[in-house]
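The values are calculated or read from the model by the stated rules, or taken from the named source; none is laboratory data. These numbers come from a predicted model, not from an experiment. Neighbour counts are summed over all protein chains in view; Cβ atoms, including those assigned to glycine, are modelled from backbone coordinates with ideal geometry.
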C-alpha cells in the first residue's frame, strides 16, 4: 500500500513538473524565419556561402539570449534559380509554417515572382543580393527591404567607367530579366547624359545555349565597347563565342558584377599560348573594401567556421539576419508588419547609440535605455523610404592568372578624370576592409556570382507545430486531476 502510494505520488509529481515546464515555455517560443535561396542553376553559386553567413548571425543571436526569450531559427528552401520553384517554396513557407519573414531571394526574377504573394499576406521580404531597379517603386506596402544597393547606381558607375576609358560608342548585351533590363536602362541614360552614344541594344534569353546571333549583332556595328550584363553560366558562353569569332580583338568589353568570379576566366578558356582569353577585361562592382565596423570580426568568424573567406554578399546576408532579429526584439512581436515597423528604428540614424555587435545591440534594446543604429558587417545600413540602402562602387579586373583584382573607386558624381596609364592591380582574395563613410542615400547594385560547390540545401531546424506546449500542459493537468480523484475514491 505504501509502495502504491509512493508510486502514485511520483506519477503526480512528474505530471505536475511536466505541466509547469510546458506552461513555462508558452510566450517564449522559438521564432522561425524563412529563407529562399538558390543552390543550383544560374544563381546556384550564391546559395551556400550566403546562407552560411546567415547561420553565423543566427548562432550569434542565440548565444546572446535569442529573441523574445526564444531561439531564432532558419527554415531554408532551395529555389533552384527557378521562378516556379520559388513560388512553390514561398507558398510552403507561408501556408505550412506561417513564417513572418522571408530572407531572399538571390535574384530579381525569383523575387519578382513571389513579392505579390508575400506582401499581400503581410509577410516581410528582405534580400541581401537582389538589385533590380523596379523593386524601389514596387507597391509593396513597405514590406520589401534589401541590405544591398540597387542597380540604378551601378548602371551609373558603369557609364562613368566607360567614359573614363574614352569610349564614345557602345553596344549593350544584357540578360533578359529584371537585372539586365534595369542595369541597361540606368547605364544607357547616364552614358547618353555624359555624351556617349549607344549603337545597339540586345537582350538574350537566359535559357539559351548558343549565342552566335546575339554576339554578332552587338559587334556588327563596331562599337568602342560592349557592355555585358550577365551571370557566369551564360556570360561565359557569350565571351567564349566573342573570342572564337574575333570580337575580342578590336572591341573592348565591360562586365557587370554578376560576372565577377575567380572561375569565369577558366570557364571561358585559354588561347593557343595558354593565356586566359579574357585576362584584362574590366567591370564594375560594389566595392568590397568599403565595409562596416563589424566586417573584420565577421570575416574571422566565417573563416573559422567554414575554412574559407566570405564571398560578395555574405556580409549583406549576415546583416539581413541581424536587422531582422533586432527588429523582432524591438517590436516585441513576430508579425511581418510589426517587424517592418521596427526595422528603421534599429538601423537608421538618429540614435543614441551606434552598435556593430549583435549581442550588444540586443541587450541595449532589451534594457530600453537607448535607441540604436546598427552598423553591420556590410557597411552603413540606412533604409530609405523604399527600403533601399546606399552603395559604393569600384573597378574590377581579370588578371593574367584568371583571378579577380579590385581597382579604383568609381565616384557617382563630379568630374570624370580621364584614364592615365597605371600598373595593373594586384589580385587579392579579399581586399583590406575600411570603414565606409556615410554617403548620401541613393539606390544601387547586383549579385556577384561565383561558381558554387554543390551545397546541400539545408533546413536549419524544423519548427515545432504551434500550440504543442499548450496542448501538453492541459493534458498534464487533466492527468493530475484524474490521479488525485482516483486516490480519493481508493
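Of the strands (runs of 3 or more DSSP E) that lie entirely inside the range 107-214, those containing 1 or more residues that are outside the structural domain of residue 325 (by TED's automatic domain parsing) span 169-175, 197-204. Scan the range 59-80 for residues that are part of a loop (DSSP other than H, G, I, E, B) and out of contact with any helix residue (DSSP H, G or I) (no Cβ under 6 Å at 6 or more places or on another chain) and jot them down. Listed by number, the residues that qualify are 65, 66, 68, 69, 80. Flag: residue 56 does not match the condition of being modelled with pLDDT of 80 or more and either in the same structural domain as residue 261 (by TED's automatic domain parsing) or outside any helix (DSSP H, G or I) (or both). Inclusion of residue 239 among residues that are outside any helix (DSSP H, G or I), in the same structural domain as residue 165 (by TED's automatic domain parsing) and modelled with pLDDT of 95 or more is not warranted. Against the condition assigned to a helix (DSSP H, G or I), surrounded by 20 or more Cβ atoms within 10 Å (Cβ to Cβ), touching a helix residue (DSSP H, G or I) at 6+ places or on another chain (Cβ under 6 Å) and in the same structural domain as residue 173 (by TED's automatic domain parsing), how does residue 219 come out, does it pass? Considered against the rule, which asks whether it is assigned to a helix (DSSP H, G or I), surrounded by 20 or more Cβ atoms within 10 Å (Cβ to Cβ), touching a helix residue (DSSP H, G or I) at 6+ places or on another chain (Cβ under 6 Å) and in the same structural domain as residue 173 (by TED's automatic domain parsing), residue 219 comes out as no.
Residue-wise test of (1) buried (at least 21 other Cβ atoms within 10 Å of the Cβ); (2) part of a helix (DSSP H, G or I).
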position	(1), (2)
328	yes, yes
334	no, no
337	no, yes
354	no, no
376	yes, no
387	yes, no
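Residues that are in a loop (DSSP other than H, G, I, E, B) and farther than 30 Å from residue 165 by Cα occur in the range 299-307; there is at least one. Whenever a residue of the range 323-342 is not assigned by TED's automatic domain parsing to the domain that holds residue 122, it has no partner that is at pLDDT 95 or above lying with C-beta atoms less than 8 angstrom away and at least six residues away or across chains. Of 363, 395, all but one fail to be touching a residue at least 12 places away in the same chain (Cβ under 8 Å), over 16 Å from residue 318 (Cβ atoms) and surrounded by fewer than 21 Cβ atoms within 10 Å (Cβ to Cβ); the exception is 363. Being surrounded by fewer than 20 Cβ atoms within 10 Å (Cβ to Cβ) and at pLDDT 95 or above, is that true of even one residue in the range 97-110? Yes, the range 97-110 contains a residue that is surrounded by fewer than 20 Cβ atoms within 10 Å (Cβ to Cβ) and at pLDDT 95 or above.
Scanning the range 389-411 for residues that are in contact with a helix residue (DSSP H, G or I) (Cβ under 6 Å, 6 or more places away or on another chain), at pLDDT below 95 and in a strand (DSSP E or B) yields 393, 410. Residues considered: 124, 94. Of these, the only one that is in contact with a helix residue (DSSP H, G or I) (Cβ under 9 Å, 6 or more places away or on another chain), within 22 Å of residue 342 (Cα to Cα) and surrounded by fewer than 24 Cβ atoms within 10 Å (Cβ to Cβ) is 94. Could you tell me whether the range 266-275 includes any residue that is in the same structural domain as residue 146 (by TED's automatic domain parsing) and either in contact (Cβ under 8 Å) with a residue 60 or more places away in the chain or in a strand (DSSP E or B) (or both)? No, the range 266-275 has no match at all.
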